[in-house]
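**Q** This is the structure I want to talk about, given as structure tokens.
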Amino acid sequence: MKSFTPTARSKIKRLPKRGHYDRDTVYAVLDAGFVCHVGYAIDGRPYVTPTCYWREGDAVYWHGSAASRMLRHLEKGVECCLTVTHVDALVLARSGFHHSINYRSAMIFGRAHKVEAPQDKLARMEAFIERMFPGRWQGLRPVSKQELKGTTVLGMAISEASAKIRSGPPVDDDADYALPIWAGLVPVRQVAGAPADDGRLAPGAELPRNLSDLGHIGLARR
């Protein structure tokens, strides 16, 4: 299916014209970032945890310490919600009421599952590194058994999702366009600085060429 079927919780109710349910739009929002927020409840109390994520096909994954309370709770298959948001511009109108933000956001609902098989977990970890830094995995020290054991990887099928996007200039009341007040957009973007080594490089350790371009993760170079 090219589009997700809106559900009672995924359907955009406020400003529905900004809602998108096609996979291409939802996946584009996911693939443009690497930090998400995962919402869930423990003993009736709400929590929202920021974490790194990556998408593989029709599933999204995240990982962390095997001791993580969030991961230990979600691996039981409880309901959760994963959100991703990008800020593209500040929207300045002629009134405070119409000031806004241009953004792209995606929200996914479902139940996470734990990646159990060691070879599958290792493959997911490789996919995460390659998502962030293509070509880097093969040059790294292999993951140890203890590191693999101490890491939990969760996955969640992307089957109930929607995106919400605002773009364009401010929308003022008709009468306000005659006011001598500046209005417009202030673009916002993430910018990557020049790589800096950690001060403990071994002889022969050179900066990989692929780190000179971080456009694959939505970052421009400064």
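The values are calculated or read from the model by the stated rules, or taken from the named source; none is laboratory data. Computed from a prediction, not measured in an experiment: that's the story for all the values here. Every residue, glycine as well, gets a Cβ built from its backbone with ideal geometry; the counts of neighbours run over all protein chains shown. The protein model used for the area step is the full one, side chains on, heavy atoms only, and it has no ligands, DNA or RNA in it. Shrake-Rupley method; radii C 1.70, N 1.55, O 1.52, S 1.80 Å.
**Q** If we only count helices (runs of 4 or more DSSP H) wholly inside region 44-154, which ones have 1 or more residues that are surrounded by 19 or more Cβ atoms within 10 Å (Cβ to Cβ) and over 14 Å from the mean Cα position of the chain (by Cα)?
**A** So the answer is 69-74, 118-132.
**Q** Also, I was wondering about something else. When you go through (1) aromatic (F, W, Y); (2) within 16 Å of the chain's Cα centre (by Cα); (3) assigned to a strand (DSSP E or B) one by one for Y27, which number turns out not to apply?
**A** (3)
**Q** In region 181-199, how many are at pLDDT 95 or above, farther than 27 Å from R104 by Cβ and of a type in the set (A, V, I, L, M, F, W, C)?
**A** Residues meeting the conditions: 1.
**Q** Can you tell me how many residues in region 1-23 are closer than 14 Å to E160 by Cα and not in a loop (DSSP other than H, G, I, E, B)?
**A** Matching residues across region 1-23 total 5.
**Q** Of the conditions (1) outside any loop (DSSP other than H, G, I, E, B); (2) open to solvent by less than 70 Å² (accessible area, probe 1.4 Å); (3) closer than 30 Å to K17 by Cβ, L185 satisfies every one except a single condition; which number is it?
**A** Unmet condition: (2).
**Q** A follow-up question, please. Given the condition within 23 Å of S105 (Cα to Cα), at pLDDT below 95 and among the basic types (K, R), answer yes or no: does some residue in region 129-140 qualify?
**A** Within region 129-140, one or more residues are within 23 Å of S105 (Cα to Cα), at pLDDT below 95 and among the basic types (K, R).
**Q** Just to be sure before I move on: is L219 among the hydrophobic types (A, V, I, L, M, F, W, C), surrounded by 11 or more Cβ atoms within 10 Å (Cβ to Cβ) and modelled with pLDDT under 95 in the structure I sent?
**A** Working: among the hydrophobic types (A, V, I, L, M, F, W, C): yes; surrounded by 11 or more Cβ atoms within 10 Å (Cβ to Cβ): yes; modelled with pLDDT under 95: yes.
It is true that L219 is among the hydrophobic types (A, V, I, L, M, F, W, C), surrounded by 11 or more Cβ atoms within 10 Å (Cβ to Cβ) and modelled with pLDDT under 95.
**Q** Could you please give the count of residues in region 45-101 that are aliphatic (A, V, I, L, M) and closer than 20 Å to G184 by Cβ?
**A** So the count comes out to 7.
**Q** In region 131-163, what residues are under 15 Å from P208 (Cα atoms) and either in contact with a Gly (Cβ under 8 Å, 6 or more places away or on another chain) or aromatic (F, W, Y) (or both)?
**A** F133, W137
**Q** Is it the case that some residue within region 113-126 is among the small types (G, A, S) and touching a residue at least 40 places away in the same chain (Cβ under 8 Å)? Before you say what the answer is, go through the steps one by one.
**A** At the first step, the residues of region 113-126 found to be among the small types (G, A, S) are 117, 123.
Applying the additional criterion that residues be touching a residue at least 40 places away in the same chain (Cβ under 8 Å) yields none.
Within region 113-126, none of the residues are among the small types (G, A, S) and touching a residue at least 40 places away in the same chain (Cβ under 8 Å).
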